[in-house]
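Remarks on the structure that follows.
The values are calculated or read from the model by the stated rules, or taken from the named source; none is laboratory data. This structure is a prediction, so every number in the text was calculated from the model and none was measured. Cβ sites come from the backbone with ideal geometry, for glycine too, and all protein chains shown count toward neighbours.
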Amino acid sequence: MTDNNKKHKIVIVGGGAAGLELATSLGKKLGKTGLAEVMLLDAAPTHIWKPLLHEVAAGTLDESEQLEYLAQAHRSHFRFRLGKMEGLDRQKKEIYVSPMLNDSGEELIPSRTFGYDTLVMSVGSISNTFNIKGVAEHCLFLDTTAQAFKFQKQLVESYIKSHASKAGDKSLSIVIIGAGATGVELSAQLHEVTDMLAIYGLDESSNVKLTIIEAANQLLPALPGKLAQATQQQLIKLGIDLKLGRRVIEVTKDGVHTLDGEIIPADLKVWSAGIKAPDWLQDLDGLEVNRINQLVVDSTLKTNDDAIFAMGDCAACPWPGHDGNVPPRAQAAHQQASTLCKSIVNRLQGGSLVNYDYLDYGSLVALGKYTTVGNLMGNLMGSVSIGGFIAKVVYLSLYKMHQVAIHGYFRTAMLTLSNLFRRSAYAKIKMH
């Protein structure tokens, strides 16, 4: 720690689940008491829990679920700065932030430099296109809130266009490439939306063809085969076309091309077939990265620089006893934020860093209003498959844990109640 007249500067880059939880905890523990200055940097002004982005894309997420970073910073005694990190000088202990522009290209905020004593990288992940031709140009992505809103806008415009044209013989085709949790959950949510729109009067909305393309022979590779099979049966029951064991080799304006020569027509194409950390991490002043740009960290989440840590999807964290690293899941981000909070507080008090031990509580996949499936992990029972109402409650509890971490128990309870009342008064789907 620096001298007594200068507060220790903690800079957290990325306001996702891990970054926001860490900034909130450190703000309350260190910022409020004046023991340190805590700053959170993010390129967006608001936060939405990333596992909910498929609901944003479908238009079914209540807008009140968005959180304003500035308001959270005020309540939790940290500072928020809007901007995107573009560079790092480890010797000077400074990060460089690119200028912020409006939609017209006008500069709103000039480029800036921020100093740090402790830097935490928590910039999440983006879609990995694997350099497949046409994916970047013709596919929609769900990496950020802005991308999810862009998809939702195009979706509504497509529904309205179909309704106005009265072209009942031509269906709207939506192809989702990748059958992981995001792709599967989005497909079920979109099916639910088509039902809602038909009830609201857009009868042609029911004439929607949903297709999932997956290179593997199974849906949801993170789940046991039995649960993947149950999910597959549910999606087939909903009329979603599943093309498994089909490798995509090109995406064009009109459709998706597979290795076996098939061309699947598509009006909207969504890519959810893998992730990587942002490309700009590759050349971050000598910080070590792996083949998918993740920052390599040790068991304390420290990089090869003693002052820099990484967590969440952008961190390659070892998972002892397993083949590979800790998986990029919300539960891992939540646990890492808790561990790093303890480590940083300890370090400022002259103590040692805390080792991060990932506890796998299982995987859950929500298929909209239809069902939820998953497996829970426990020391006593091993792996237990669950579904239906119980799985839905457990899935909801994961989000509530995140809300409690940033709002506390009382505020989370009040937000939950207010959302219940809002849902009874407002439309269940966003149409603008």
Report summary line: Selection from segment 1-44 of residues within 15 Å of PHE80 (Cβ to Cβ), in contact with a strand residue (DSSP E or B) (Cβ under 6 Å, 6 or more places away or on another chain) and part of a loop (DSSP other than H, G, I, E, B) yields GLY15, ALA43
Query raised in the report: So, of the residues in segment 127-172 that are part of a helix (DSSP H, G or I) and acidic (Asp, Glu), which turns out to be modelled with the lowest pLDDT?
Result: GLU157
Requested in this report: Have a look at ILE95, ILE48 and point out the one that is more than 30 Å from LEU186 (Cβ to Cβ) and of a type outside the set (Phe, Trp, Tyr).
Outcome: ILE95
Query raised in the report: Checking ASP62 against (1) under 21 Å from the mean Cα position of the chain (by Cα); (2) within 29 Å of SER338 (Cβ to Cβ); (3) at pLDDT 90 or above, which test does it fail?
Result: (3)
Query raised in the report: Would segment 201-217 turn up any residue that is assigned to a helix (DSSP H, G or I), modelled with pLDDT under 90, among the acidic types (Asp, Glu) and out of contact with any Ser or Thr (no Cβ under 6 Å at 6 or more places or on another chain)?
Result: yes
Query - Test: SER125 is touching an Asp or Glu at 6+ places or on another chain (Cβ under 9 Å) and buried (at least 19 other Cβ atoms within 10 Å of the Cβ) - result: yes
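Does GLY87 satisfy the condition of being closer than 20 Å to GLY408 by Cα, more than 18 Å from the chain's Cα centre (by Cα), modelled with pLDDT of 95 or more and not hydroxyl-bearing (Ser, Thr, Tyr)? Even if it seems obvious, please write down each step before you answer.
Working: closer than 20 Å to GLY408 by Cα: no; more than 18 Å from the chain's Cα centre (by Cα): yes; modelled with pLDDT of 95 or more: yes; not hydroxyl-bearing (Ser, Thr, Tyr): yes.
In short, no.
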Report task. Please identify the pairs in which a residue from segment 271-284 that is farther than 16 Å from ASN131 by Cα and in contact (Cβ under 8 Å) with a residue 24 or more places away in the chain has its Cβ atom under 8 Å from the Cβ atom of a residue that is of a type outside the set (Gly, Ala, Ser) and assigned to a loop (DSSP other than H, G, I, E, B), counting only partners at least 6 apart or on another chain. Result -> LEU281/VAL123; LEU281/LEU287; LEU281/ASN293; LEU281/GLN294
Query raised in the report: Looking only at strands (runs of 3 or more DSSP E) that fall completely inside segment 220-315, which ones have 2 or more residues that are closer than 28 Å to LYS161 by Cα?
Result: 241-244, 248-251, 255-258, 263-265, 268-271
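Given the structure, is GLY34 surrounded by fewer than 16 Cβ atoms within 10 Å (Cβ to Cβ) and not basic (Lys, Arg)? Steps first, answer last, please.
Numbers: surrounded by fewer than 16 Cβ atoms within 10 Å (Cβ to Cβ): yes; not basic (Lys, Arg): yes.
Here the answer is yes, as GLY34 does meet what is asked.
Does LYS92 satisfy being at pLDDT 95 or above, of a type in the set (Lys, Arg) and part of a helix (DSSP H, G or I)? Walk me through it before giving the result.
On the way: at pLDDT 95 or above: yes; of a type in the set (Lys, Arg): yes; part of a helix (DSSP H, G or I): no.
So LYS92 fails the test.
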Query raised in the report: Which strands (runs of 3 or more DSSP E) does segment 316-403 wholly contain that include 1 or more residues that are more than 21 Å from the chain's Cα centre (by Cα) and at pLDDT below 70?
Result: 371-378, 382-387
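Yes or no: GLY27 under 26 Å from LEU295 (Cβ atoms), within 16 Å of the chain's Cα centre (by Cα) and not acidic (Asp, Glu)? Spell out the reasoning first.
Working: under 26 Å from LEU295 (Cβ atoms): yes; within 16 Å of the chain's Cα centre (by Cα): no; not acidic (Asp, Glu): yes.
In short, no.
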